[in-house]
Amino acid sequence: MKDFTTKSKIGKGWIRGGVVAALWLLLWQAAARVVGQELLLVSPLTVLRRLLQLVGQPVFWQAVLSSCGRIMSGVLLALAAGTVLAALMSRFSFLYAFFRPALQVIKATPVASFIILALVWIRSGALGAFAAFLMVLPMAWANLYEGLGAVDKELLEMAKAYELSPGKKLRYLYLPSLLPYFAAACSAGIGIGWKAGVAAEVLGLPQNSIGKALYNAKIYLEMPDLFCWTAVIILLSLFFEKLAAYLLRAVTARLARGGKPDDSH
């Protein structure tokens, strides 16, 4: 009965999402017809036709795969570095005092400033990963640091009294508390990482990149291409967000099935 109810809710969610998407596409089509100039606003049908043409070209997949590799490597590295920094800064007050101002400066500085400075230091092919890493790092650190602070102090005292091993404390105390915060960092970080990474590619123009394709579409006033590549960026960002959410749900479910720690230590 519970499975049926869950599937019913999922089915209703898909239907509602499909209806909302269809309404927005109809509004977009109506606006395009009212404007009547594809140089200003391309219709969704034109974008779809052009996207199907692009999908059949090898250069499309080269750009998509190259940008995915660059940007997601930066995002993953930022999540890993943010986790390590949060752990160290929650343990050592000096490291918190030392790194916190730098992370706040990174968070407050416009991404374009970092990209322009980075053009002097690093090659254009690494700009996407660098920009994604730099923008996601402060967010990842803030979420994980907050998650560490939310761990039940009484449970930690109990674990210390029973001399639980570090592995058991990580699995039964820290991970259940941190996973929701890590999920929030992934959800927001992937979106910001893609925005920053593509912006870096537009300025650096590395070969075989979505950013360069966007720049070329803008230079040559290829509005269908501009809309197509924008749609591709949105779809890729959503895909990786959903993939991260699915993997984290699987980890959470596995931890839940693992049961509670025994009394042995």
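The values are calculated or read from the model by the stated rules, or taken from the named source; none is laboratory data. Computed from a predicted structure; not experimentally measured. Cβ sites come from the backbone with ideal geometry, for glycine too, and all protein chains shown count toward neighbours. Protein only, heavy atoms only, side chains kept; ligands, DNA and RNA dropped before computing areas. Shrake-Rupley method; radii C 1.70, N 1.55, O 1.52, S 1.80 Å.
Computed quantities for the displayed model
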| item | result |
| --- | --- |
| Matching residues in region 1-23 - criterion: being of a type outside the set (A, V, I, L, M), at pLDDT 75 or above and open to solvent by 90 Å² or more (accessible area, probe 1.4 Å) | Trp14, Arg16 |
| Odd one out for Leu52 among (1) over 24 Å from the mean Cα position of the chain (by Cα); (2) closer than 13 Å to Leu134 by Cβ | (2) |
| Extreme residue, nearest to the chain's Cα centre (by Cα), among residues of region 77-94 that are of a type in the set (S, T, N, Q) and open to solvent by 60 Å² or more (accessible area, probe 1.4 Å) | Ser90 |
| Selection count, region 235-254, where residues are open to solvent by 50 Å² or more (accessible area, probe 1.4 Å) and in contact with a Phe, Trp or Tyr (Cβ under 6 Å, 6 or more places away or on another chain) | 0 |
| Matching entry among Leu54, Leu26 (being part of a helix (DSSP H, G or I), under 27 Å from Leu235 (Cα atoms) and open to solvent by less than 70 Å² (accessible area, probe 1.4 Å)) | Leu54 |
| Scope region 106-146; condition part of a helix (DSSP H, G or I) and among the β-branched types (Val, Ile, Thr); matching residues | Ile106, Val111, Ile115, Ile116, Val120, Val136 |
| Single unsatisfied condition, Val202 versus (1) over 13 Å from the mean Cα position of the chain (by Cα); (2) over 20 Å from Met135 (Cα atoms) | (2) |
| Of residues in region 208-225 being aliphatic (A, V, I, L, M) and touching a residue at least 60 places away in the same chain (Cβ under 8 Å), the one least open to solvent (accessible area, probe 1.4 Å) | Ile210 |
| Pick from region 29-39, criterion assigned to a loop (DSSP other than H, G, I, E, B) and without any contact (Cβ under 8 Å) to a residue 24 or more places away in the chain, ranking: most open to solvent (accessible area, probe 1.4 Å) | Gln37 |
